[in-house]
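Here is the structure we will look at.
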Amino acid sequence: MTGMRLALALAIAVLASPCWAQDYPSRPVKIIVPFGAGGPADVTARQIGSILQENFGQPFVIENRTGAGGVIGTFEVSKSAPDGYTLLMMSNTQTANESLVQASQRKYELMKDLAPIAPVNYSDLVIVVHPSVPAKTLAEFIALAKSQPGKLNYASSGQGTPYHMAGELFKTMAGIDLVHVPYRNSGEARSGVIGGQVQMMIDAVTAMAPNVAEGQVRALATTGKTRSTVLPDAPTVIEAGILGYDATIWLGLMAPAGTPKPIIDKLNAAVNAAVKRPDIVKLWTGQGAVPLSMTPEEFDKYLRGDIVKWAEVVKRFGDRPQ
């Protein structure tokens with residue numbers, strides 16, 4: 001009898017799901033950002049949340065749930081009700097954590113416990129140094145690091161973040177030994193390099209460009225395949241001689257696994273429309289961010305490919321990264 005009730009409940013849920021999507025959202029939606037306030041994920045979540053609130057007529061509330069390199073906030077969403085009212089603003093931190101953080105510590109599997117909704121945008125990173133560092137180019141910095149193995153350090157907003165992973169990829173491809181100094185969030189890491197407590201940092205162009213313009217840090221190179229429109233004078237890492245280097249920070253939305261497909265599709269359509277708005281495109285272009293638009297299925301494939309990419313990087317520096 002219990003089995004029959006369960007089967008009936010599932011059948012009713014399947015039949016009712018289009019109705020849920022039609023009425024969705026009928027109350028406030030929470031977007032959890034597993035990173036600190038003021039960073040790219042937080043800022044972008046508030047921008048997208050504002051547009052979704054405008055379109056749907058319901059509040060989209062942003063909540064920061066920091067800690068453990070994005071694991072705490074991700075875990076909270078993975079265990080939330082699969083009804084579309086708790087979403088995750090995630091980045092390549094989450095895909096890197098699949099190989100960097102043991103499953104027993106995460107207590108979730110990204111592609112099993114969460115469902116892809118849509119990507120939002122990506123931006124290049126920039127390698128910057130404190131003005132006191134006697135290196136005017138990336139080649140000079142690499143030569144300096146090779147002459148002082150283990151003496152220079154670089155900041156990141158925490159283990160597994162795009163900045164950390166980009167740094168480890170840079171270290172291995174350049175053949176240098178830098179000490180990783182993880183901070184609690186990107187704002188503190190940025191302050192560390194601006195204040196000279198650390199020599200180098202790889203940060204989002206969207207966040208660091210103003211500091212470069214003010215002379216607080218020196219830009220050595222950007223990390224994309226082509227030069228940044230925001231920092232056009234800075235060569236790419238590839239131009240500087242490290243062929244094949246490519247690292248960005250991208251952002252996207254996920255929901256708890258089991259969220260009805262019609263709700264996923266409704267959110268996907270709304271996000272894709274939001275990132276194509278002329279005002280958003282103009283704003284992001286001025287900051288160095290590029291809109292991304294995919295179906296949930298395309299985003300699923302993208303995520304799985306990124307998990308493989310960063311797993312290879314983790315193998316290069318071992319299971320005990322600095």
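The values are calculated or read from the model by the stated rules, or taken from the named source; none is laboratory data. Note that the coordinates shown come from a computational prediction; the quantities given were computed from them, not determined experimentally. Ideal geometry is used to build each Cβ from the backbone, glycine not excepted, and the neighbour counts take in all protein chains shown.
Of the candidates THR66, THR95, THR86, THR74, the single residue that is surrounded by 19 or more Cβ atoms within 10 Å (Cβ to Cβ), without any contact (Cβ under 8 Å) to a residue 60 or more places away in the chain, hydroxyl-bearing (Ser, Thr, Tyr) and not assigned by TED's automatic domain parsing to the domain that holds MET165 is THR74. Close Cβ contacts (under 9 Å, 6 or more residues apart or on different chains) running from residues in segment 37-52 that are closer than 17 Å to PRO119 by Cβ and touching a residue at least 12 places away in the same chain (Cβ under 8 Å) to residues that are among the charged types (D, E, K, R) and not in a helix (DSSP H, G or I) comprise ILE51/ARG277.
Considering segment 230-322, there are no qualifying helices (runs of 4 or more DSSP H) wholly inside with 1 or more residues that are touching a strand residue (DSSP E or B) at 6+ places or on another chain (Cβ under 8 Å) and at positive phi. Within the option set LYS151, LYS136, being under 25 Å from VAL205 (Cβ atoms), charged (D, E, K, R), modelled with pLDDT of 95 or more and not in a helix (DSSP H, G or I) holds for one residue only, LYS136. Number of residues in segment 159-175 that are of a type in the set (Gly, Ala, Ser), surrounded by fewer than 24 Cβ atoms within 10 Å (Cβ to Cβ) and touching a residue at least 40 places away in the same chain (Cβ under 8 Å) equals 1. The residue that is modelled with the lowest pLDDT, counting only those in segment 30-89 that are among the hydroxyl-bearing types (Ser, Thr, Tyr) and over 26 Å from VAL281 (Cβ atoms), is THR66.
Quick check, is GLU140 buried (at least 19 other Cβ atoms within 10 Å of the Cβ), among the acidic types (Asp, Glu) and not assigned by TED's automatic domain parsing to the domain that holds LEU303? No. Exactly one residue among LEU178, LEU220 is in contact with a Lys or Arg (Cβ under 6 Å, 6 or more places away or on another chain) and under 17 Å from GLU140 (Cα atoms), and that residue is LEU178.
Of the listed requirements (1) touching a Phe, Trp or Tyr at 6+ places or on another chain (Cβ under 8 Å); (2) closer than 22 Å to ARG190 by Cβ, ALA145 misses just one: (1).
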